[in-house]
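To keep things clear, I will list the structure first and then write my remarks on it.
The values are calculated or read from the model by the stated rules, or taken from the named source; none is laboratory data. None of the values given here were measured: they were computed from a predicted structure. In this analysis, Cβ positions are derived from the backbone assuming ideal geometry, glycine residues included, and neighbour counts consider all displayed protein chains. For the accessible areas, the whole protein counts, side chains as well, though only heavy atoms, and no ligand, DNA or RNA atoms are used. Shrake-Rupley method; radii C 1.70, N 1.55, O 1.52, S 1.80 Å.
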Amino acid sequence: MRTSTVAAGVARELSDAINRGVYPPGSRLPGERQLADQLHVSRSTLRAALGDLEGEGRIARSPQRGWFVPSPTVGEPPSTLQSFTEMARLRGLTATAAVLERAPRSATIDEAEKLAMPPGGEVLVLVRLRGMNSTPICVDTNVIPMTIGAPLLNSDLTDRSLYEALEELCSVSVYRSAYSVQADAASAETAALLTIPTGNPVLIGREVAYDRAGTPILLGYNTYRGDAYRFEADLFRSV
């Protein structure tokens with residue numbers, strides 16, 4: 001009984017250290033012998049505490065790396081459209097967003113075609129760094145027709161859901177998204193933003209989002225850390 005009580009206290013202490021950033025997402029915990037010495041407990045008690053934290057999803061075990069703190073993972077359930085903020089909330093995490101770029105410009109021919117607008121029409125380009133619990137997850141680029149997105153030009157979009165901002169400020173709602181995902185390697189610029197080594201795997205998500213009437217609302221180009229995004233889909237065989 002005493003061992004389980006001590007193990008529970010050790011688990012709480014380690015969990016608090018993770019919350020305070022002593023062991024940030026993606027980092028490796030000290031070896032078991034060193035950690036047991038630091039916490040003044042036996043290795044068997046430490047292992048019980050680590051097992052409890054593993055069961056809660058706070059840490060994970062790897063034969064090569066030992067114990068480490070996993071990075072937050074996002075991804076919509078199959079056939080379900082969710083905003084980044086909604087994905088974070090469902091995981092009990094806090095979504096963050098820092099505006100990197102926000103400016104009007106003329107649409108390219110490809111953008112105008114996908115957005116069903118005249119070539120050269122004005123669009124708003126919005127680039128934000130999205131994160132969960134302060135961990136960078138995604139560089140989020142959106143191209144929105146200025147006829148829709150003008151209210152976003154001077155609005156505070158820090159730590160705000162774009163879908164919610166579109167609904168509240170622009171009176172449009174995203175109903176459907178045509179989405180594709182492709183693997184790539186992180187450029188030096190993207191790697192610096194996502195705090196990963198240059199060349200590390202990233203997932204590129206491209207989307208065209210529509211309202212309920214089928215009108216295109218925005219183009220999205222999202223670059224996710226490869227260890228932080230999971231894509232799910234329901235697939236059916238054609239008969």
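Put simply, when 215-225, 98-108 are sorted by average Cβ atoms within 10 angstrom per residue, most first, you get 215-225, 98-108.
Of V125, Y210, N222, which is farthest towards the positive pole of the chain's charge dipole, taken about the Cα centre with +1 and -1 on the beta-carbons of Lys, Arg and Asp, Glu respectively? Toward the positive end, the furthest listed residue is N222. With protein chains left intact and a 1.4 Å probe, residues in the chain average 54 Å² of accessible area per residue. Shown for the chain: the carbon plus sulfur share of the solvent-accessible area, taken with all protein chains present and a 1.4 angstrom probe, equals 51%. Considering only S27, G199, L166, and ranking their Cα positions along the charge dipole of the chain that arises from unit charges at the beta-carbon of Lys, Arg, Asp and Glu, the one farthest toward the positive end is S27. Averaging the sequence gap over all C-alpha pairs within less than 8 Å and six or more residues apart, then dividing by the number of residues, gives the chain a relative contact order of 16 percent. Rounded, prolate or oblate, given the Cα gyration tensor of the range 93-191, with a/c below 1.5 counting as rounded? Oblate. Calculated mean residue ellipticity, 222 nm, the chain: -8500 deg cm²/dmol, from DSSP H runs (n ≥ 4) at -39500 (n - 2.57) each, averaged per residue and rounded to 500.
Among the listed values (i) 0.93; (ii) 1.23; (iii) 1.00, the one matching Cα Rg over 2.2 N^0.38 Å as calculated from this structure is (ii). When +1 charges are put on Lys and Arg Cβ atoms and -1 charges on Asp and Glu Cβ atoms, the dipole computed for the range 76-219 relative to its Cα centre reaches about 180 debye. Once the Cα-Cα distance is subtracted from the 0.36 nm per residue extended length, the R28 to R47 segment shows a gain of 5.3 nm.
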